[in-house]
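Where a number appears in this text, it was derived from the coordinates with a stated rule and is not lab data. Bear in mind the structure is a predicted one, so any value in this text is a computation, not a measurement. Here Cβ is always computed from backbone atoms with ideal geometry, including for glycine, and neighbour counts include all displayed protein chains.
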Amino acid sequence: MNRRRMLTSLCFLALGIGSLALARQSQSVQQSSAQPRPGGVPDYVAYKHLFHHVAAFKKKAEETERDGKDGAPFRTFFKRKAQLSDEQARLLDQIASDFDQEVKLQDARAKVLIDAYRAQYPDGKVPHGETPKPPPAELKVMTQERNAIILRARDRLRAAFGDDEFRRFDDFVKRNVAPNVNQPPTGQSPPAP
């Protein structure tokens, strides 16, 4: 009888351990789909860089043309590299311009809070024996709003391109833009805008 109890207990123990292992595996699969793969960057980071690069190339093309030179290589850079149609390139340029204006407004609002926080510590020095106050909670909310602005611009591209073309373009972004993004080490905040 003791052997049966022991065998039954071992079976239940094995089932319990197996269930825990399956639960952990399921949890890790769910977490990995919500976050970027190791070495990957979140969409809001990759698309922020894409939109900023589109705006920078447009500005460079305008400067080059003002100097009497051909700005087409800058103006058509993403069209060529991502193999976009004329209409897709126009849409990317328009969405990136709208994004740039919206982010500049958001950054200007954040700058007011950042400047007020920094004013507490002239020359960036915290008085001896004093612990710096935490940044205003509104900045965290504004960072989330900024990320939402980026993702809305990405979603505008998706709606304008259609699912198949956007998937192809998104693959281009993940292959060519995301790997060139430098992110701060885990646990560090990116620099203030």
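For the reader, a short list of remarks on this structure follows.
- Under 14 Å, Cβ to Cβ, from residue 113 - net charge with Lys/Arg +1 and Asp/Glu -1: +2
- Under a model in which nothing but the beta-carbon of Lys, Arg (+1) and Asp, Glu (-1) is charged, the range 41-180 shows a dipole of about 260 debye around its Cα centre.
- Summing Lys and Arg as +1 and Asp and Glu as -1 over all other residues whose Cβ lies under 15 Å from the Cβ of residue 144 gives a net charge of 0.
- Put a plus charge on the Cβ of each Lys and Arg, a minus charge on the Cβ of each Asp and Glu, and nothing anywhere else: the dipole of the range 69-135 about its Cα centre is then about 180 debye.
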